[in-house]
Amino acid sequence: MAQPKEVMNIKEASRYLGISPDTLYKYVSVERIPAFKLGNRWRFKKTVLDEWMELKSKGRAREKE
């Protein structure tokens, strides 16, 4: 599998995260996931998504303790 780019569009980010583009749009609209607009298009930085997922997974692990 090809390495994801550092800045991804909705389609690439949804594939990277394993969710549908529609779900990703919904998460962005309620500010549930980090994203930024470049022009009128949403963009996602891979490193920011990785950090966000790491924080979320650590939070879940603490909830189970």
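The values are calculated or read from the model by the stated rules, or taken from the named source; none is laboratory data. Because the structure is a prediction, the values reported are computed rather than measured. Note: ideal-geometry Cβ built from the backbone for every residue, glycine included; neighbour counts use all protein chains shown.
Each row is one residue, and each column tells you yes or no for (1) at pLDDT 95 or above; (2) of a type outside the set (Ser, Thr, Tyr).
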{"site": "Lys5", "(1), (2)": "no, yes"}
{"site": "Asn9", "(1), (2)": "yes, yes"}
{"site": "Ser14", "(1), (2)": "yes, no"}
{"site": "Ser20", "(1), (2)": "yes, no"}
{"site": "Lys26", "(1), (2)": "yes, yes"}
{"site": "Ile33", "(1), (2)": "yes, yes"}
{"site": "Phe36", "(1), (2)": "yes, yes"}
Keeping to region 17-26, report how many residues are surrounded by fewer than 16 Cβ atoms within 10 Å (Cβ to Cβ) and part of a helix (DSSP H, G or I).
5
Take the residues in region 28-61 that are among the β-branched types (Val, Ile, Thr) and under 17 Å from Asn9 (Cα atoms); name whichever of them is surrounded by the fewest Cβ atoms within 10 Å (Cβ to Cβ).
Thr47
